[in-house]
Amino acid sequence: MELPPTRRIAAPRSRRRVWWISFALFALLGVLWATALPLFAGPDEPAHITRAVSVERGQWLGDKIPRTNGGWRAIDIPEVVVSSASFACYVFHNEVTADCLKYQGSERVVRSDTPAGTYFPGYYLIVAIPSLISVQAFGIYLMRYLSALLCAALLASALASVRSFPNARIGAVGLAVAVTPVVLFINGTVNPQSLEISAAIAAWASVLALVATPAEMGFDRRLIVRIAVAFSALGLSRNFAPIWIAAILGAACFVAGMPIVKRWVRDRAIQIAALVIGISTLSQIVWNVVIAPLDVGQSPAKASFANLVPGGLSDLSRFELMRMTIARSGYFFNSMIGDFGWVGFKSPYAVIVLWTALIGLVLALALAVSSRRRAVVLLLIAATTTLLPLLIEYRTMRSLGGVWQGRYTLPLAVGVPILGAYLIGDSSIGNRLARSRLALVVGIALGVGHVLAFAQSLRRFSVGNNGAFKYWSNAAWAPPLGALPLTLTFIAVLSIWLVWMLRPAPDGLLEAVQDVTSTNRWAPHSKATRQNS
């Protein structure tokens, strides 16, 4: 299959163009969410911003505070950052608008404390760079925007990798389902989990693209770079990251089979990537062991749960503990999709219904058409996503209270639609589904869900959770640029993003062959490949 000279030149350029357009769209969605949210509306955002500002000023740990546990540390930060505590005026009060927040003060350095003082510093060192310019409201928004750009780069890489799936369009459907409203919401805040979730999505997509590489082809070095970046970013994100890395790599190995895994082990570029990933992950593990960042002390969640149980949590029987844990399983699922933790507001229930239907569709089709071994892998990922939060809650309820949230499981959960779409695309019905109206139906459903979630977020902060439908009119609080312009811009960008994601595309493996054979620099086996073709 000798490619014409124009195609050989165009293929790398086409890949770069795809990445940059994808990056721009993901970045715009993240920036729009970051702008629509009032300051400190992200989960634990005051603590993360305080941590970021202190790390950027060289305080990687701060001073231990007597009679405290976990991550509490005393630090020196600008006075205005301390006023972030005023977020309490609207948090957990869904009818209180964000206009009560008073973030003001000088940049004079004062003594304060943070509950996130022992979290791994990698993410904070990057996103806090704008704080060296300003820690006023403008600087906080810049920190959010920088975090959104980091996540957009990883998600663009995920889409680039999905284009090498056995069927690129079906793979894009799985990726689009994986990017729930909560993913975009977290990407618009200062929170290391934004990096963790986006890196996990990129890791799932990229390692499965590696599985799809035909045996007669050389490995695409660009893909290996994406794998190294995604897994390294995941390893440096949060303390649970090593567990997710092991799960993703384990699932990929079982899906690939032993002959392909042996081929990976022999490849020099993959060996180098594995070394980079190992160093990044090991640094997180060493930090976890030496610094022990997990908070094992009294938490607000434990206090609130204890108030609901006569005699306190310590008196719960095993049966009662199990019952309370199982009762929270619905919350774990919802808060991966449209239940926005911390501030406690929810998207309309239709959003949960839409995503449940789409996830169920992908899961059912994948289990029906894939081989037994691959179906078992997918089923194990889905079962672990369901059972892991229950197990952790059961084990920690007495000591920490109900602290787990669905977004904590997202790095594993996003693998269900991505792996499911990969398996569907690699089956006999993949091409037929790609030519059907499936992508159109999924795109419309996802578009409706994202718009409802975004609009409800603006409504909650502008006029209250059950305020006027026209939340942009006579609102007590308005985001920068205004609620209505932000909503209309979000709808426009989201529509373009969905069309770009789910548009008809060349077959994933064919496109990969064309790209890899376009230059000998990236394809040491291209001559043999052309002869076989």
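The values are calculated or read from the model by the stated rules, or taken from the named source; none is laboratory data. Given the structure is predicted, the values throughout are model-derived calculations rather than measurements. So basically every Cβ, Gly included, is an ideal-geometry build from the backbone, and we count neighbours across all protein chains shown. Protein only, heavy atoms only, side chains kept; ligands, DNA and RNA dropped before computing areas. Shrake-Rupley method; radii C 1.70, N 1.55, O 1.52, S 1.80 Å.
Overview of results
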read-out	value
Neighbours by Cβ (under 8 Å, 6+ apart or cross-chain): first from segment 57-83, under 19 Å from residue 287 (Cβ atoms) and touching a residue at least 24 places away in the same chain (Cβ under 8 Å); second surrounded by 15 or more Cβ atoms within 10 Å (Cβ to Cβ) and basic (Lys, Arg)	61/73; 62/73
Candidate set: segment 440-464, residues that are open to solvent by less than 10 Å² (accessible area, probe 1.4 Å), in a helix (DSSP H, G or I) and of a type in the set (Gly, Ala, Ser); chosen: the one farthest from residue 29 (Cα to Cα)	462
Scope segment 55-94; condition of a type in the set (Phe, Trp, Tyr) and part of a loop (DSSP other than H, G, I, E, B); matching residues	60, 72, 90, 92
Tally, over segment 111-136, of residues that are part of a loop (DSSP other than H, G, I, E, B), hydroxyl-bearing (Ser, Thr, Tyr) and buried (at least 23 other Cβ atoms within 10 Å of the Cβ)	2
Residues of segment 224-272 that turn out to be under 22 Å from the mean Cα position of the chain (by Cα), assigned to a helix (DSSP H, G or I) and among the hydrophobic types (A, V, I, L, M, F, W, C), as a count	19
Segment 12-49: number of residues that are under 17 Å from the mean Cα position of the chain (by Cα) and modelled with pLDDT under 95	5
The lone exception for residue 436 - which of (1) more than 30 Å from residue 236 (Cβ to Cβ); (2) modelled with pLDDT under 90 it fails	(2)
Wholly enclosed helices (runs of 4 or more DSSP H) of segment 154-223 bearing at least 1 residues open to solvent by less than 10 Å² (accessible area, probe 1.4 Å), in contact with a strand residue (DSSP E or B) (Cβ under 9 Å, 6 or more places away or on another chain) and of a type in the set (A, V, I, L, M)	181-187
Count - residues of segment 175-190 that are polar (S, T, N, Q) and under 17 Å from residue 123 (Cβ atoms)	2
Segment 411-426 residues that are not in a helix (DSSP H, G or I), paired with ones that are not β-branched (Val, Ile, Thr) (beta carbon under 8 Å, 6 or more apart)	414/178; 414/200; 414/204; 426/165; 426/166; 426/167; 426/212; 426/370
Flag if residue 251 is farther than 30 Å from residue 116 by Cβ, open to solvent by less than 60 Å² (accessible area, probe 1.4 Å), in contact with a Leu (Cβ under 9 Å, 6 or more places away or on another chain) and at pLDDT 95 or above	yes
Subset of segment 237-248 [surrounded by fewer than 23 Cβ atoms within 10 Å (Cβ to Cβ), farther than 16 Å from residue 418 by Cα, in contact (Cβ under 8 Å) with a residue 60 or more places away in the chain and of a type in the set (A, V, I, L, M, F, W, C)]	240
